[in-house]
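Asks: This is the structure I have questions about; it appears just below.
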């Protein structure tokens, strides 16, 4: 089985609003797959359909070889879901939440206790295992959710904005755990707003907008598709005004950041030559000059039209 | 294979049951709504109705207590859990809707029959005798499952506001108590009253309880058991089917 997720024409409509519109994609075994999109693009709806939480009105989702609609119990047995909002039982202790999850996945008690202890220790929650979750901070709750999700040692992990709004310590802990997953043979389906996170973690990303897949590829390949958005960062030994540069050809936009200018261009090579000519004619020395490839965020903005 | 899967799901429903007991049942309001309210109704009728025998009133108290306790919490579990998003977590787990409903039913059932000890103890203290303990236990078990399943039907409308469900629940539960021969003996009811009473499972449970503490029952023992079994099966199947239809609308 090369693909752990196969999505065919998946569609969801809420009160005449098309939330997800006939999307198709696959997720390969062992990869970290990023699912990006602006608010309301259909990310969470897609994840909820893939995990059997809501039903599509059309299309199929094959999860680990099982149709999530026709064989939900088999499909769900080896996956886990980490939602954006913590949904642990706040009136139960961390340990009781872990044991509840273990019982719902049919894990034998001794095995469940060993796994729960290991996970709670790895995410620095073991000392608070007998405390009720209602006393936990947001970061602790999210770490507990990750522990609960991993109790069944899943093959496929769905993460919906796992580090959104968390403190630095909790975000770092969660990211460290995520980076270990591919080594353990787990596949990650990561929904995120954090472009930096997606760019660094993901093997492939899909960008969804208005319920449709706008692009799907490796982050580096996506960045190359919008070469025209390349820019140059330059600084001179004397202060000059941005207007002095505006006559130079191939400049699309000039932005001043500190003592540097960030210049967007459609022709990097010509612009570098023009800038060196400009520096020579103005008797300026170039202190630094860097070419900058577009970030995944710029790709995202370009493809979704978001600002 | 199917039996293995059935037993596996049954085991998982125990996890739901334990969770419900820890979160919802080990709390004061359950005891108050389940026992104290029927007790006050009982005392009001005990003081006002001097012609009714103590056996008649005690059987009514047992019926009301089991009914109110078994239907006290189960209607609000689904809307409450949908509101705090824990229902989403349960749905993402490899359990069927039947497993989920069965777990909720088990928790409600256990509390329903445990609380019955209180009115039975009051009855014994007031001089009643249990003449058929085995029948009483069987009746309590059956009634517990029946009323718990009934409570789960009440939670099936896809509203995530527990107050809405509680309102619907109260609108259904209270009238049922007054038409089920608890305060007015069935034999004293007009013909149309008897017809209406025959549609309430509480009628048969109270009638059966009456038999077990030495009073005269209106229906035969077989009729009471048959009616309760039919109500139980219909209520449980209906609860599962309704939740299968509405649970995804909550998410």
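Laboratory data are not the source of any read-out in this text; all were calculated from the coordinates shown. Nothing here was measured: the structure is a model prediction, and the numbers come from that model. In this analysis, Cβ positions are derived from the backbone assuming ideal geometry, glycine residues included, and neighbour counts consider all displayed protein chains.
Asks: Counting only C-alpha contacts under 8 Å and six or more residues apart, can you give the relative contact order of chain A as a whole percent? Before the final figure, lay out each step's value.
Replies: Details: 569 pairs, mean separation 59.7, N = 307.
Averaging sequence separation for qualifying contacts and normalising by length gives 19 percent for chain A.
Asks: Something else about it: Would you please state which residues of the stretch A:194-208 a label at residue A:233 would reach in this model, taking the label point 7 Å out along Cα→Cβ and a backbone N cut-off of under 16 Å?
Replies: A:196
Asks: Still on this structure, I have one more. Mind jotting down the three principal axis lengths of the stretch A:127-196 based on Cα atoms? Whole angstrom, largest first.
Replies: 33, 28, 16
Asks: Per the Kirkwood treatment, what hydrodynamic radius in Å, one decimal, follows for the stretch B:89-175 from the mean inverse distance over all distinct Cα pairs?
Replies: Hydrodynamic radius (Kirkwood, Cα pairs) of the stretch B:89-175 is 15.3 Å.
Asks: Average partner chain C-beta neighbours within 10 Å, per residue of A:97-104? Write out the running numbers ahead of the final one.
Replies: Values: counts 3, 0, 3, 9, 4, 1, 12, 14.
Per-residue shielding by partner chains comes out at 6.
Asks: While we're on this one: Under the 0.36 nm per residue contour assumption, what length would be gained going from the current alpha-carbon distance of residue A:241 and residue A:280 to full extension?
Replies: Extra length available between residue A:241 and residue A:280 comes to 12.4 nm.
Asks: Report, in deg cm²/dmol and to the nearest 500, the calculated mean residue ellipticity at 222 nm for chain A, where each DSSP H run with n ≥ 4 adds -39500 (n - 2.57) and the sum is divided by the residue count.
Replies: My calculation for chain A gives -10000 deg cm²/dmol from helical runs alone.
Asks: OK, next. Report the relative contact order of the stretch A:133-253, percent, no decimals, based on alpha-carbon pairs under 8 angstrom and at least 6 residues apart.
Replies: 17
Asks: I've got another one for you. With each pseudo-label sitting 7 Å past Cα toward Cβ, what's the residue A:14-residue A:220 distance in nm, one decimal?
Replies: 3.8
Asks: Is there a simple number for the mean count of other chain Cβ atoms within 10 Å of the Cβ of residues in B:91-100, and what is it?
Replies: That works out to 6 on average.
Asks: Beyond 36 Å, how much of the Cα-Cα pair distribution for chain A remains, as a whole percent?
Replies: 32
Asks: From the P(r) of the stretch B:117-247, could you give the percentage of C-alpha pairs in the tail past 21 Å? Walk me through the numbers on the way to the answer.
Replies: Numbers: 3970 of 8515 pairs.
Cα-Cα pairs in the stretch B:117-247 separated by more than 21 Å: 47 percent.
Asks: Still on this model: Evaluate E = 1/(1 + (r/R0)^6) for residue B:10 and residue B:230, where r is the Cβ-Cβ distance and R0 equals 22 Å; express this FRET efficiency to the nearest 0.05.
Replies: 0.45
Asks: Run the quick spin-label model on residue A:168 and residue B:241: label points 7 Å from Cα toward the beta carbon, then report their separation in nm to one decimal.
Replies: 6.0
Asks: Using the Kirkwood radius over Cα pairs, work out the Stokes-Einstein diffusion coefficient for the stretch B:118-159 at 20 °C and 1.002 mPa s, in µm²/s as a whole number.
Replies: On the way: Rh = 12.4 Å.
Rounded to a whole number, D works out at 173 µm²/s.
Asks: Could I ask something else about it? Evaluate peptide A:87-95: per residue, the Cβ atoms of other protein chains within 10 Å of its Cβ; return the mean as an integer.
Replies: Taking all residues of A:87-95 together, the mean is 4.
Asks: Sticking with this one: Can you give me the three principal axis dimensions of the stretch A:226-304 from its C-alpha atoms, in Å, biggest first?
Replies: 42, 24, 19
Asks: May I ask you to order A:9-18, B:67-76, A:104-113 by the average number of other C-beta atoms within 10 Å around their residues, highest value first?
Replies: Per-residue Cβ counts within 10 Å, averaged per peptide and sorted highest first, yield B:67-76, A:104-113, A:9-18.
Asks: Suppose we look only past 43 Å in the calculated P(r) of the protein assembly as shown. What percent of the Cα-Cα pairs does that tail hold?
Replies: Numbers: 59625 of 155403 pairs.
Everything past 43 Å amounts to 38 percent.
Asks: Viscosity 0.692 mPa s, temperature 37 °C: Stokes-Einstein D of the stretch A:213-262 from its Kirkwood Cα radius, in µm² per second?
Replies: 248
Asks: While we're looking at this one, here's another question. Taking 7 Å along the Cα-to-C-beta vector as the label spot, tell me the residue A:134-residue A:90 distance in nanometres, rounded to one decimal.
Replies: 0.8
Asks: If you don't mind, another one. Considering every pair of different Cα atoms, what Kirkwood radius, in Å, is found for the stretch A:1-113? Intermediate results must be reported in sequence, preceding the final value.
Replies: Details: mean 1/r = 0.0636 Å⁻¹.
Roughly 15.7 Å, rounded to one decimal.
Asks: If eta is 1.567 mPa s and T is 4 °C, what Stokes-Einstein diffusion coefficient results for chain B, Kirkwood Rh from Cα pairs, in µm²/s?
Replies: 70
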